[in-house]
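First the structure, in the form of structure tokens, and then the observations on it.
The values are calculated or read from the model by the stated rules, or taken from the named source; none is laboratory data. Note that this is a predicted model, so its numbers are computed, not measured. We place every Cβ from the backbone using ideal geometry, glycine too, and count neighbours over all the protein chains shown. These area figures cover heavy atoms from the full protein model, side chains too; ligands, DNA and RNA do not enter into them. Shrake-Rupley method; radii C 1.70, N 1.55, O 1.52, S 1.80 Å.
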Amino acid sequence: MGRLVFYTNRSNEQSAYCFGNRIAEKMGMPIDIPLAELRSDDILIFVKSTFRNIHLVAKLVKKVYYAVGCGWRPIHKYVYPYISLLLTTPRACAVYKEYYPENEVIWIPLAHSNDENLVRPLVRAVKKVVSNGTQRAFTDTKWAVFDKKIREKGFETERIVLPYEEAYKRGDVCRRFCRDFLLNADISVSYRKGVKETKGDVELRLKPPNKLNGAGSVMVPSVAYPEFCFEENHDKKGCYLPANTIDEMVEQCCKLRNDKELYRKIATGAHEGAKEYHIDKVIPYYEKLLCA
């Protein structure tokens, strides 16, 4: 049987680890090996890496895939018809198929960070609200407004923004860092308001539901602006509390704190939805590529 051979951009970028090293290590597959070691039955997966001389490399192997990552990437000049695209949501597959009708597009969910299936105890007091991700996940200006208002309600807050300093530099360290950050939280919030359903702003509408599932995997409920990646989770509606304004977000956090049954319902529902994104459930999607 052939191998999946992963090629990354060899940077410290966390997504290169998530879509490349992490999967390769889990499957026991080679990564970034010399071209001289390739076999004719190998299947290549390029992970956000350059397509230098891709037409020559493709002649050496059985098939070539490109893992696009999260959101939108301007890859027009690199996409030959024989390259299949790996996307993280069904919506992304549909959008990329519209842009690249000659290419095969395949949905492979993005695994959350909780490989160990650790969970927050439901009996713990609800007092810490957190946000993690890029600036677009919760801008400085909006966070400052939210932070002031939510603290006035008696909550503690913590926000981390990419890059995650030292943890960002080492793949599995960062995975566990993200897992533990959420495990020690009581509510996770995201406010990427302003997403447009237009081709002019495709990046956010193609984001995978990793924020929802990262928190849900450790039994932490989310309050978020109802963007697509919270509404669509494994082709189903995600389990979270929506908030269209900062004031609504504060109100929803208070509801979760004051209503134990509501907290349990949202936390367990999010946890159930996140199960499909455990790495053990994601690996079979890659195994199917070996049979292509």
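If the condition is being within 25 Å of ILE283 (Cβ to Cβ) and without any contact (Cβ under 8 Å) to a residue 24 or more places away in the chain, then segment 28-56 contributes GLY28, GLU37, SER40.
For segment 250-281, residues that are more than 23 Å from the chain's Cα centre (by Cα), in a helix (DSSP H, G or I) and of a type in the set (Asp, Glu) total 2.
Within segment 53-79, which residues are modelled with pLDDT under 70 and over 24 Å from the mean Cα position of the chain (by Cα)?
Here is the first cut: in segment 53-79, the ones modelled with pLDDT under 70 are 71-74, 76-78.
Answer for segment 53-79, where residues must be modelled with pLDDT under 70 and over 24 Å from the mean Cα position of the chain (by Cα): just LYS77.
Across segment 189-210, not a single residue is classified as farther than 25 Å from VAL68 by Cβ, among the small types (Gly, Ala, Ser) and at pLDDT 80 or above. State which residue is most open to solvent (accessible area, probe 1.4 Å) when the search covers only segment 91-103 and only residues that are farther than 14 Å from ALA67 by Cα, in a helix (DSSP H, G or I) and not basic (Lys, Arg). Only one residue tops the list, namely GLU98. Checked against (1) open to solvent by less than 80 Å² (accessible area, probe 1.4 Å); (2) under 24 Å from ALA24 (Cβ atoms); (3) under 18 Å from the mean Cα position of the chain (by Cα); (4) not basic (Lys, Arg), VAL189 meets all criteria but (2).
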